[in-house]
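Peer 1: One structure coming up, written as structure tokens, with questions to follow.
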Amino acid sequence: MASSIGIMDSAYFVGRNEILSWINERLRLNLSRIEEAASGAVQCQLIDMTYPGAVPMHKVNFDAKTEYDMIQNYKILQEVFNKLKIEKHIEVTRLVKGRPLDNLELLQWLKRYCDSVNGGIINENYNPVERRDRGGKDRSLRCSLRSSKTNITNNTGSGNTVSSNRTSGAKQFRSSGAVGGANFSAEIQALSKEITELKLANDVLEKERDFYFGKLRDIEIICQAPDVEDTPASIAIKKILYADDPEESALDEAQGYLDQTMNAAKAEAEIED
């Protein structure tokens, strides 16, 4: 099911307002912007709503603000996808940047997938607020226990040992800091330059993608016009646009359809003559 949702599927033409309304209604949230779902927590709960109990909601962090915390949410989502045999790769590095288009595409895909599983019907037995609250309580409890264990371990140690470790650590830091400082600075500059170059290259690729996607959309609109929708050429073009197998070209199928149609028309014309 997941692999059959191609780039030209109608799912990707659902507007952001409809997506936000769908999320808010299903999960009892109050999102006003697509970027607010960039943490991955909403996506996790949408799958949990579709497959109740499949997502370990106690691990999902709805308060994620840093990229590190967001990545953990997407790891959970990808693991659930793998467990449910959902063939969908998540572009985590792009989603955590909060870019509206990237996040909108994933949410459009999720709506299409979830609706195909449950028929677009709300599961009345699923309580999204309770699932979120329970997850938050379990997460807070685990953090509290870890903190308590750390304090107990520190308090039972010897004061002299702590003082000795601090002195030793300070000496090691001073001796190694001068030697490694220059190397670290040069490495950071090199990495920063590489990151900048990658961002520029990524921006170019995104603009190119949007450009060609717009061209494909224009072609689809023309092919859907009532006057030409049922013509052989339009049907052949749509066979290419809606092909969902990335490994095979649909050109041969479209060309075969055109040849068959043209031959049939030619034969009919000969009979009439």
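The values are calculated or read from the model by the stated rules, or taken from the named source; none is laboratory data. Since this is a predicted model, take the numbers as computed values, not measurements. All Cβ positions, glycine included, derive from the backbone under ideal geometry; neighbour counts span all protein chains shown. Calculation scope for accessible area: heavy atoms of the full protein, side chains included, ligands and nucleic acids excluded. Shrake-Rupley method; radii C 1.70, N 1.55, O 1.52, S 1.80 Å.
Peer 1: Among the candidates Glu36, Glu87, single out the residue that is part of a loop (DSSP other than H, G, I, E, B) and either outside the structural domain of Ile121 (by the TED database) or under 15 Å from the mean Cα position of the chain (by Cα) (or both).
Peer 2: Values: Glu36 fails: part of a loop (DSSP other than H, G, I, E, B).
Being part of a loop (DSSP other than H, G, I, E, B) and either outside the structural domain of Ile121 (by the TED database) or under 15 Å from the mean Cα position of the chain (by Cα) (or both) holds for just one of Glu36, Glu87, which is Glu87.
Peer 1: Do you know which residues across the range 27-51 are under 18 Å from Leu95 (Cβ atoms) and open to solvent by 50 Å² or more (accessible area, probe 1.4 Å)?
Peer 2: Correct list: Arg33, Glu35, Glu36.
Peer 1: Provide a single number: the residues in the range 242-272 that are open to solvent by 60 Å² or more (accessible area, probe 1.4 Å), over 20 Å from Glu220 (Cα atoms), at pLDDT 80 or above and not aliphatic (A, V, I, L, M).
Peer 2: 6
Peer 1: Being small (Gly, Ala, Ser), open to solvent by less than 60 Å² (accessible area, probe 1.4 Å) and modelled with pLDDT under 90: is that true of Ala54 here? Talk me through it step by step, then tell me what you get.
Peer 2: Details: small (Gly, Ala, Ser): yes; open to solvent by less than 60 Å² (accessible area, probe 1.4 Å): yes; modelled with pLDDT under 90: no.
Criteria not met by Ala54.
Peer 1: Next question. Condition first: open to solvent by 60 Å² or more (accessible area, probe 1.4 Å), farther than 30 Å from Asp259 by Cβ and modelled with pLDDT of 75 or more. Can you find one or more residues in the range 166-185 that meet it? Please lay out each step first, then the result.
Peer 2: So in the range 166-185, the residues open to solvent by 60 Å² or more (accessible area, probe 1.4 Å) come out as 166-167, 171-176, 178-179, 182-184.
Still in the running and farther than 30 Å from Asp259 by Cβ: 166-167, 171-176, 178-179, 182-184.
With modelled with pLDDT of 75 or more added as a condition, the list becomes 183-184.
Yes: the range 166-185 contains one or more residues that are open to solvent by 60 Å² or more (accessible area, probe 1.4 Å), farther than 30 Å from Asp259 by Cβ and modelled with pLDDT of 75 or more.
Peer 1: State all residues of the range 67-86 that are among the β-branched types (Val, Ile, Thr) and modelled with pLDDT under 95; if no residue qualifies, say none.
Peer 2: Scanning the range 67-86 gives a single hit, Ile86.
Peer 1: Can you tell me which of Asn125, Asn103 is modelled with pLDDT of 90 or more and open to solvent by less than 80 Å² (accessible area, probe 1.4 Å)?
Peer 2: Working: Asn125 fails: open to solvent by less than 80 Å² (accessible area, probe 1.4 Å).
Being modelled with pLDDT of 90 or more and open to solvent by less than 80 Å² (accessible area, probe 1.4 Å) holds for just one of Asn125, Asn103, which is Asn103.
Peer 1: Something else: Counting only residues that are open to solvent by 10 Å² or more (accessible area, probe 1.4 Å) and among the small types (Gly, Ala, Ser), which one in the range 6-26 is nearest to Asn82 (Cα to Cα)?
Peer 2: For the range 6-26, the residue satisfying everything is Gly6.
Peer 1: Across the range 18-33, what is the number of residues that are charged (D, E, K, R) and part of a helix (DSSP H, G or I)?
Peer 2: In the first step, residues of the range 18-33 are kept if they are charged (D, E, K, R); the result is 18, 25-26, 28, 33.
With part of a helix (DSSP H, G or I) added as a condition, the list becomes 18, 25-26.
Residues meeting the conditions: 3.
Peer 1: Further, regarding this structure: Looking at (1) open to solvent by 20 Å² or more (accessible area, probe 1.4 Å); (2) touching a residue at least 24 places away in the same chain (Cβ under 8 Å); (3) closer than 25 Å to Asn202 by Cβ, which one does Tyr74 not meet, given that it meets all the others?
Peer 2: Unmet for Tyr74, out of (1) open to solvent by 20 Å² or more (accessible area, probe 1.4 Å); (2) touching a residue at least 24 places away in the same chain (Cβ under 8 Å); (3) closer than 25 Å to Asn202 by Cβ: (1).
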